[in-house]
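Novice: Structure provided below as structure tokens; questions to follow.
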């Protein structure tokens with residue numbers, strides 16, 4: 001992943017009317033510096049901070065961190081398609097379950113043709 005992935009952390013904070021210090025308190029950080037660094041793209045948020053934003057603002061991950069979400073989704077779909085093709089020609093009971101799972105993953109992407 002790239003070091004500076006855009007997020008909507010600042011947008012959600014500003015809409016809420018919270019200061020960086022107040023938001024830092026809510027997500028259990030010592031001060032607003034952490035929030036400031038995330039908002040300026042100088043620091044990646046921790047998983048806990050990201051989850052806290054999603055909980056506080058009742059927002060799904062793609063809406064908070066769209067670039068991270070899209071990059072992970074594309075990467076997972078590409079690897080799922082590769083694994084599907086690798087396993088497709090090897091029939092077995094274990095592979096049947098794997099192929100079923102991979103098909104479900106790949107069905108989320110209209111560009112995938114399996």
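Novice: Mind listing just one residue for me: the one in segment 56-90 that is touching a helix residue (DSSP H, G or I) at 6+ places or on another chain (Cβ under 9 Å) and more than 30 Å from residue 46 (Cβ to Cβ) and, of those, modelled with the lowest pLDDT?
Specialist: So, considering only residues that are touching a helix residue (DSSP H, G or I) at 6+ places or on another chain (Cβ under 9 Å) and more than 30 Å from residue 46 (Cβ to Cβ), the one modelled with the lowest pLDDT is 88.
Novice: Show me the helices (runs of 4 or more DSSP H) entirely contained within segment 51-114 in which 3 or more residues are under 17 Å from the mean Cα position of the chain (by Cα).
Specialist: 61-64, 66-88
Novice: Of (1) under 21 Å from residue 72 (Cα atoms); (2) at pLDDT 95 or above, residue 4 satisfies all except one. Which?
Specialist: The one condition residue 4 does not meet is (2).
The values are calculated or read from the model by the stated rules, or taken from the named source; none is laboratory data. In this text, all values refer to a predicted model and were calculated from it rather than measured experimentally. Ideal geometry is used to build each Cβ from the backbone, glycine not excepted, and the neighbour counts take in all protein chains shown.
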